[in-house]
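Novice: Sharing a structure here in structure tokens format.
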């Protein structure tokens, strides 16, 4: 029975990889390269994400580009899997939500995975894409977010992002309060989330807040280890931690 469960198909074979940001917190490393091409333990951040997608069986990835796009295109052209399409944002940076809306014609799937290109994580008993797929319920959810408990978030010094009830519905952290879960930068999302989306640049939170109000934003707790690598000083401790698990 466990083998059958492990072989359950993914909810989607398409992913949006958000890779268009300026990477300002990662300076000076990003003075000459886009943040997704910064290396951690000898491997670029975006290749770490794309390798995870390939291992999980995700066939296609849409990657948006803005900062130093030629370097991104050249690097991505070297990969055979997943199959990659480029969403061009060189004229204007559209942020997370606007970037997804721009890419929807290329994504052409419902639902689809969406993840930040600077994610570094070690899976628990189940890979995150299988975990999200197992829990996904389109009748009740517009988006299902990976929620990282503070003890599983390394290098993280923030207050958290969300609360989550027993059924998995999530709500935002209140001002000047602590929340038990950090958004892990990976979600499974329905195109319904982006209905009537505004034009131009906007963040995912705009769409998430509407889903929260409608009771359609859910989360699932991560059981692996997640590493914050937003600044240069976070790279060395992340590399040391990853080396321990090789």
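Novice: So which residues in the range 42-70 are under 17 Å from the mean Cα position of the chain (by Cα) and part of a helix (DSSP H, G or I), if there are any at all?
Specialist: Across the range 42-70, the qualifying residues are 45, 46, 47, 48, 49, 50, 51, 52, 53, 54, 55, 56.
Novice: Now a separate question. Select from the range 12-41 the residues that are in a helix (DSSP H, G or I) and free of Cβ contacts under 8 Å to residues at least 60 places away in the same chain and write down the one among them that is nearest to residue 56 (Cα to Cα).
Specialist: Out of the qualifying residues, it is 37.
Novice: Separate question: Can residue 174 be described as more than 23 Å from residue 120 (Cβ to Cβ), without any contact (Cβ under 8 Å) to a residue 40 or more places away in the chain, surrounded by fewer than 20 Cβ atoms within 10 Å (Cβ to Cβ) and more than 18 Å from the chain's Cα centre (by Cα)?
Specialist: In short, yes.
Novice: Search the range 71-88 for residues being out of contact with any helix residue (DSSP H, G or I) (no Cβ under 7 Å at 6 or more places or on another chain) and part of a loop (DSSP other than H, G, I, E, B), and hand back the single one that is farthest from residue 33 (Cα to Cα).
Specialist: Looking at residues that are out of contact with any helix residue (DSSP H, G or I) (no Cβ under 7 Å at 6 or more places or on another chain) and part of a loop (DSSP other than H, G, I, E, B), I get 80.
Novice: Can you name the residue in the range 90-107 that is within 18 Å of the chain's Cα centre (by Cα) and assigned to a loop (DSSP other than H, G, I, E, B) and, of all such residues, is farthest from residue 144 (Cα to Cα)?
Specialist: The qualifying residue farthest from residue 144 (Cα to Cα) is 93.
Novice: Return the residues of the range 149-166 that are in contact (Cβ under 8 Å) with a residue 24 or more places away in the chain and farther than 20 Å from residue 233 by Cβ; say none if nothing qualifies.
Specialist: Within the range 149-166, 149, 152, 162, 164 qualify.
Novice: Those residues that are surrounded by fewer than 19 Cβ atoms within 10 Å (Cβ to Cβ), in contact with a helix residue (DSSP H, G or I) (Cβ under 8 Å, 6 or more places away or on another chain) and modelled with pLDDT of 95 or more, I need them from the range 140-168; list them, please.
Specialist: Selection gives 168 alone.
Novice: Just a yes or no: is a residue in the range 53-64 in contact with a strand residue (DSSP E or B) (Cβ under 9 Å, 6 or more places away or on another chain) and loosely packed, with under 14 Cβ neighbours inside 10 Å?
Specialist: No: the range 53-64 contains no residue that is in contact with a strand residue (DSSP E or B) (Cβ under 9 Å, 6 or more places away or on another chain) and loosely packed, with under 14 Cβ neighbours inside 10 Å.
The values are calculated or read from the model by the stated rules, or taken from the named source; none is laboratory data. For clarity, every value in this text was computed on a predicted model and none was experimentally measured. Glycine gets a Cβ as well: all are built from the backbone with ideal geometry, and neighbour counts include every protein chain shown.
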